[in-house]
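See structure below.
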Amino acid sequence: MSMSQNPDNVPGAANAMWGGRFASGPDAIMEEINASIDFDRRLYEEDIAGSKAHAAMLAQQGIITADDAESITAGLEEIRGEIQAGRFNFSREREDIHMNIEARLAELIGPAAGRLHTARSRNDQVALDFRLHVKTAFFSLDRALTGFIEALLAKAEDHADTVMPGFTHLQVAQPVTFGHHCLAYVEMAARDLSRCRDAVNRLDECPLGAAALAGTGFDIDRHMTAKALGFREPTRNSLDSVSDRDFALEFLSVAAICGTHLSRLAEEIVIWSTPQFGFVRLSDAFSTGSSIMPQKKNPDAAELVRAKPGRINGALISLLTVMKGLPLSYSKDMQEDKEQVFDAIDSLALALAAATGMVRDMTIQTEAMRKAAGHGFSTATDLADWLVRELGMPFREAHHVTGRAVALAEARGVGLEELPLDSLRELDARIGEAVFSVLGVDASVNSRTSFGGTAPANVRAQVAYWRERMATDAR
């Protein structure tokens, strides 16, 4: 190939590796890889709050004048207004939210803006902004989980007596109540809520003042800025302060577990809403139709809730991978810590809102649930328990006798409760009429009174317990 046929060899020609958008060469690549303003602009509220607290502290300590602090605060408030109104010019040349705000502050108030960065670094600044943002996300998650739990408790109370099949291996196992089933998700969500609150307690330390990595020689008051920004106390090691991202990893871990719980519920809603099950009917608000099949009502909201954990789990693995090999303290790798966390925050918030709405609005098809609860010889365990309790039969023998009863009913195409007494007596002559009292699904669920069992009285007691506990925790 001649040089004329291979323009990459022409002196001064753009390298084809860089493609169209990088035609200007290494400078364009560096700007593209280095800039974070496209996503970290989301931190503007936290950045402004941190700068205001820092300026007030510098003034109190006599490091800058009160007049400069007032000018800085006024300028920052003006910038906040510009961003909220959509008038702020975010520049990729200024790399990130910190430099964009600082540059605009200099335009507004002049040299005083240059004094704001005294005794701090972008390293502790971004650590602060990100920590504040994740802390706010935890508070939002707390509220969303509380609403989800309340929706589940309302459904559990309404359906404390609604009988449905309980499953293992997605095969009918024993009758339970729908209220009891809802309470299983209350337990999961309550553990998510507990993890959320525990994580907030661990992240509630302020890194501002750690500066680049070693602290500062200025006489700053880190306790003052920590208090002003709503933290319990300042962080205790400057190296860790600027390089810690445990708080983000914890959020993603909590989000991944919570998303898994939501996905399990969503899968059940998808199954329950099929004509083959017909256990629930979703409201139109959380369903869509088909572009070609007019009879379809698709559980799209549930399917999307089921899918969201894929993004959240990916975010967790991504950040773990970014952090796993970093030496102390700050490395530019940490710029890759935010996008996936922001996406996970949004994905989990949306999934929780959709799950809460579906639970709140869905109609429970009680007769379909009741009919299905009796399928698959679901009261077989009740028969075995009755043989143990009333006839003193060892459980293993009772299990064998019950298995023979199931085989007999299956051969005749009837349920256990439909077998004639004479047929049951052929299995054991001591069996009497009283056995039929345990073979119905209502009798089965009512008998499950052990702590944590499915009996309607237990369900109502657990609903009351959780409401009281939620109210106590809120206080």
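The values are calculated or read from the model by the stated rules, or taken from the named source; none is laboratory data. Computed from a predicted structure; not experimentally measured. FYI the Cβ positions are ideal-geometry reconstructions off the backbone, even for glycines, and counts take in every protein chain you see. Side chains included, ligands, DNA and RNA excluded: accessible areas come from the protein's heavy atoms. Shrake-Rupley method; radii C 1.70, N 1.55, O 1.52, S 1.80 Å.
Among residues of the stretch 373-387 that are at positive phi, those with a beta-carbon under 9 Å from a residue that is open to solvent by 40 Å² or more (accessible area, probe 1.4 Å) and among the charged types (D, E, K, R) at least six positions away or on a different chain give the pairs 377/410. When residue 388 is tested against (1) assigned to a loop (DSSP other than H, G, I, E, B); (2) among the β-branched types (Val, Ile, Thr); (3) open to solvent by 30 Å² or more (accessible area, probe 1.4 Å), only condition (1) is not met. Taking the criterion of being among the acidic types (Asp, Glu) and over 20 Å from residue 438 (Cβ atoms), the residues of the stretch 147-202 that qualify are 150, 157, 158, 187, 192, 198. Just one of the numbered conditions (1) open to solvent by 20 Å² or more (accessible area, probe 1.4 Å); (2) outside the structural domain of residue 330 (by the TED database); (3) not hydrophobic (A, V, I, L, M, F, W, C) is not true of residue 165: (1). Using the structure shown, decide if residue 425 is at negative phi and in a helix (DSSP H, G or I). It is true that residue 425 is at negative phi and in a helix (DSSP H, G or I).
Within the stretch 428-472, the set of residues being in a helix (DSSP H, G or I) and polar (S, T, N, Q) comprises 437, 444, 446, 447, 458, 462, 472. From the list 307, 349, the one residue that fits, being more than 30 Å from residue 214 (Cα to Cα), small (Gly, Ala, Ser), surrounded by 15 or more Cβ atoms within 10 Å (Cβ to Cβ) and modelled with pLDDT of 95 or more, is 349. Identify the single condition in (1) under 30 Å from residue 276 (Cα atoms); (2) open to solvent by less than 80 Å² (accessible area, probe 1.4 Å) that residue 428 does not satisfy, given that it satisfies every other one. Only one criterion is unmet by residue 428, namely (1).
Results for (1) within 43 Å of the chain's Cα centre (by Cα); (2) open to solvent by 20 Å² or more (accessible area, probe 1.4 Å), shown as yes or no for each residue.
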position: 408; (1), (2): no, yes
position: 414; (1), (2): no, yes
position: 419; (1), (2): no, no
position: 452; (1), (2): yes, yes
position: 456; (1), (2): yes, no
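For residue 439, the test of being surrounded by 13 or more Cβ atoms within 10 Å (Cβ to Cβ) and either within 30 Å of residue 463 (Cα to Cα) or modelled with pLDDT under 85 (or both) is passed. Of the helices (runs of 4 or more DSSP H) lying entirely inside the stretch 200-278, the ones with 1 or more residues being among the basic types (Lys, Arg) are found at 222-228, 246-272. The set of residues in the stretch 116-128 that are in a helix (DSSP H, G or I) and open to solvent by 20 Å² or more (accessible area, probe 1.4 Å) comprises 122, 123. Filtering 430, 389, 396 for residues that are basic (Lys, Arg), in contact with a helix residue (DSSP H, G or I) (Cβ under 6 Å, 6 or more places away or on another chain) and not assigned by the TED database to the domain that holds residue 272 leaves a single hit, 430. For the stretch 355-381, the candidate set comprises residues that are assigned to a helix (DSSP H, G or I), open to solvent by less than 10 Å² (accessible area, probe 1.4 Å) and in contact with a strand residue (DSSP E or B) (Cβ under 8 Å, 6 or more places away or on another chain); within that set, the residue that is farthest from residue 454 (Cα to Cα) is 369. Among the residues making up the stretch 223-237, those that are crowded, with 17+ Cβ neighbours inside 10 Å and either of a type in the set (Val, Ile, Thr) or touching a residue at least 24 places away in the same chain (Cβ under 8 Å) (or both) are 224, 225, 228, 229, 231, 234, 235.
Scanning the stretch 137-150 for residues that are in contact with a Ser or Thr (Cβ under 6 Å, 6 or more places away or on another chain) and either buried (at least 21 other Cβ atoms within 10 Å of the Cβ) or assigned by the TED database to the domain that holds residue 458 (or both) returns a single hit, 148. Scanning the stretch 326-346 for residues that are open to solvent by less than 20 Å² (accessible area, probe 1.4 Å), closer than 12 Å to residue 252 by Cβ and among the hydrophobic types (A, V, I, L, M, F, W, C) turns up 341, 342, 344. Restricting attention to the stretch 64-87, the residues that are buried (at least 18 other Cβ atoms within 10 Å of the Cβ) and not in a helix (DSSP H, G or I) total 1. Among the residues of the stretch 129-136, are any surrounded by fewer than 18 Cβ atoms within 10 Å (Cβ to Cβ) and in a helix (DSSP H, G or I)? Yes - at least one qualifying residue is present in the stretch 129-136. For the stretch 174-182, the criterion of a residue being surrounded by fewer than 18 Cβ atoms within 10 Å (Cβ to Cβ) and not in a loop (DSSP other than H, G, I, E, B) is satisfied by no position.
Taking residue 96 as the residue in question, decide whether it is in contact with a Lys or Arg (Cβ under 8 Å, 6 or more places away or on another chain) and either among the β-branched types (Val, Ile, Thr) or open to solvent by less than 30 Å² (accessible area, probe 1.4 Å) (or both). Taking the combined requirement at face value, the residue satisfies it.
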